[in-house]
Amino acid sequence: MKKIEGLNEIKMKSAKQAKFREYINKKMIAVFLACIICAVLLALLWAAIYTTIQRRRLQSMSESYTISLGSIYEDVSTELIGIERSSSDSLKLYLKVINPNAETLDITSKGIYFNDVCVQDSMYNKTIDGDKETIVTFYIEYSNIIENLVGETITDISMRYIFEGEDNNIRECSDSGFTYKIGDVTPTRVDSVDQTDDAEDLESQTEEKADIYGTLDGSLSDRLKIKFSNVKETDSYVEFIFLAMNETEEDVDAKFWYEANVNDYTLSMKDIGEFSSHIVPAGGTAVMILKYYTKELQYCGISMVEKLRFYIGEADSDWTEATEVSFKDLGIKMTDSSITENAINNRIPGELSVSEMSEGINIDYVGYETLSSHICLYFDVANTSDEYYGFAFWFAAQVNKCAVKMKSTSEISGALDGNNHVLLTVKFALDDLRNAEISSIDEVMFNFADNLDNKDNMETATFYELDIPID
């Protein structure tokens, strides 16, 4: 009897334990489901809150963007000048930026695109002059992947940028309507070509435009033709490349003189200018390369070479027998250079002592360049008369009313013909200026005359408020 009662008690306990486990399991499932539902509700609630926050943030950005668009500044426009491959995997991009605003503005590039492919997303800060065209340069890493995405020919280039103080207003300027392959000298533009012309007409027009011949005046005019071929720029000088074409049955032993004329500036070519062969063979050609320092062209204010004049002759001839070769309407754009980053945008005219000697002569300070041991000051010397002026200067000078001698390498770029210009380079040793306790060049005075034998009648040129730092 006791055994039976014991078994019943065990059964009752087992039943109670089963019911308890069933109750716990149901309760755990309910809690688990409740947790899931709460988590889902919290996620939905957070999503709603985040969406509201983002909507308000975007609305705020949109409002500030709209305010920025109300800026007084107009958008700039751009034009592709050229692209130079500086190494196997990098490019140097030249863009002309046209600023329609009167103010000089600082812009920051936010992205550069070739054919809608971003090739440069680094930020570059550039300063562009008001109401002017400014040539700016960008360095671009150009991998094979980017090259494959862009394609062989570039037909569109754009830049996203912001003006200083308008961080929320990303603007864009672009240039299209051209074809350009990396390695070409300049883009080929077809804006002026009638779209109805067939490919043969377009090709003939392009070839006709590319052939530019010089006008020869002298003894070689009936023996040679000179054709402009190409232009090449390096970091320090510009090469103008020509073909000398001999149309006779006799060889021509030719040479050229290094003094030439660029846009009415007399500039001596560099002695690295050369003929591929002094002999222009009968019925054949020879290559002429005339070289000028980039900085000299830029300090003369030459951003576009339109006119070029130089002199050639036979090897045994002299200057009086030279044949003048002149080119007009070349339209060769010069790219900007870091060499002239200290060049000023406005001229500072000098005060000249009044006399017949200086009549028709104007001298303007146009910029400076600091090198390791000396500083170069550049002056534009203009002859507004019709007569030749043998401009000469003396090395004795004054800086801030302190007598400081110019370096003997100071020079003028050529002879000052009537209605012409030369570039005067005045050099001072930095140590000499420091010894004189000159930390900034504010005033410069030097003497000049029509020739070195006329020192008793020399004139004085004085320049004020130059503000040129020494260090």
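The values are calculated or read from the model by the stated rules, or taken from the named source; none is laboratory data. Here the structure is a predicted model, which is why all the values come from computation and not from measurement. Note that each Cβ is placed from the backbone with ideal geometry, even for glycine, and that neighbours are counted across all protein chains shown. Each accessible area value is taken on the protein alone, full model and side chains, heavy atoms only, with ligands, DNA and RNA left out. Shrake-Rupley method; radii C 1.70, N 1.55, O 1.52, S 1.80 Å.
Miscellaneous remarks
- Extension gain (nm, one decimal) between residue 403 and residue 354, 0.36 nm per residue minus Cα-Cα: 15.4 nm
- Residue-span extension gain [residue 139 to residue 126] - 0.36 nm each, minus C-alpha spacing: 3.4 nm
- Rg and Dmax [Cα atoms of segment 79-161; Å; Rg one decimal, Dmax integer]: 13.2, 41
- Using heavy atoms of the protein chains and a probe of 1.4 Å, the accessible area assigned to residue 303 is about 80 Å².
- Mean Cα-pair separation over length for segment 384-436, i.e. relative contact order, pairs under 8 Å, 6 or more apart, %: 36 percent
- Pairs of alpha carbons in segment 362-471 separated by more than 21 Å make up 33% of all such pairs.
- If R0 equals 60 Å, the separation of the Cβ atoms of residue 149 and residue 453 corresponds to a calculated FRET efficiency of about 0.30.
- Positive minus negative residues near residue 262 (Lys, Arg vs Asp, Glu; Cβ under 10 Å): -1
- Near-label residues of segment 222-259 by backbone N, under 15 Å of a point 7 Å along Cα→Cβ of residue 371: 236-237
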